[in-house]
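Chemist: Would you mind keeping the following structure in view while I ask a few things?
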Amino acid sequence: MQLLTILTSEETGRPMTSHESVELIAGQGIAGDRYATGRGYYSGVTEWDAQITLIEQEPFDSQDLTKGQKVDPEDLRRNLVTTGVDLTRLIGVRFRIGDTAVLRGTKLWPPCSYIVRSTGKPEIFTKIGRKSGIGAEVLVSGPIRAGDPIVILTDGEPVG
C-alpha cells in the first residue's frame, strides 16, 4: 500500500499540480489546496465537503474506454493517487501516510457532473464511477511524500 502521486489545485477550475511532498494540516487538508483554503467547488457543502480525496491507480491501468478516450486520475481531480489498497476498506478507518500524518476515510467520492463537464469525458461515469475514490479527514498533521507507505492503524494505536 503506497502513495503514488500528490495533486493539488489552488481553486476550482485551475489545473492540478503534482508535488513530490506536501504538508497535511489537521482539520484542513493539504496546505495550499483549494479545499484547505475554502476555494473548492464543493467547499462549504456539508455532504460533499472533504479535507482531502484519494483514488486508486489500478482502475486507470486497466480501463477500456470508448472512442479511444483515456481517463487519468488527474481528470477526477483527486488529491492522492494510491496503489495496492482498496480504498473502500479505509472508510471509517484511521490510516497513516509517511511517518506522522494520520487520516480517517469518511465516504465514497463518486464522480460528479462538474468533473464530466470540465473534462468533456462522460466515460468517467461508466468506466471509473464505482472506483472513483474516497474523501478523508486529516486527524494528525505531518509531511507526506510520493512513495510513502500507507499503513492501516489498529483501534488501540494512538493518533499523535
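The values are calculated or read from the model by the stated rules, or taken from the named source; none is laboratory data. Note that the structure is predicted; figures quoted are calculated from it, not measured. Note that each Cβ is placed from the backbone with ideal geometry, even for glycine, and that neighbours are counted across all protein chains shown.
Chemist: Would you pick out the residues in the range 65-94 that are under 19 Å from LEU7 (Cβ atoms) and modelled with pLDDT of 90 or more?
Modeler: ASN79, LEU80, VAL81, THR82, THR83, GLY84, VAL85, LEU87, LEU90
Chemist: Next question. Please identify the pairs in which a residue from the range 10-34 that is within 15 Å of GLY142 (Cβ to Cβ) has its Cβ atom under 8 Å from the Cβ atom of a residue that is polar (S, T, N, Q) and surrounded by fewer than 17 Cβ atoms within 10 Å (Cβ to Cβ), counting only partners at least 6 apart or on another chain.
Modeler: Filtered contacts from the range 10-34: GLU23/SER141; LEU24/SER141; ILE25/SER141; ALA26/SER141.
Chemist: Let me ask something else about it. Of all residues in the range 95-114, which are modelled with pLDDT under 90 and part of a loop (DSSP other than H, G, I, E, B)?
Modeler: TRP109, PRO110, PRO111, CYS112
Chemist: Now a separate question. In the range 1-24, how many residues are β-branched (Val, Ile, Thr) and crowded, with 19+ Cβ neighbours inside 10 Å? Break it down into steps so the answer makes sense when it comes.
Modeler: So the first thing to find is which residues in the range 1-24 are β-branched (Val, Ile, Thr), and the list is 5-6, 8, 12, 17, 22.
If we keep only those that are crowded, with 19+ Cβ neighbours inside 10 Å too, we end up with 5-6, 8, 22.
Residues that pass the stated criteria total 4.
Chemist: Continuing with the same structure: Which ones in the range 20-41 are at pLDDT below 95, over 18 Å from PRO73 (Cβ atoms) and in a loop (DSSP other than H, G, I, E, B)?
Modeler: Within the range 20-41, GLY27, GLN28, GLY32, GLY38, ARG39 meet the criteria.
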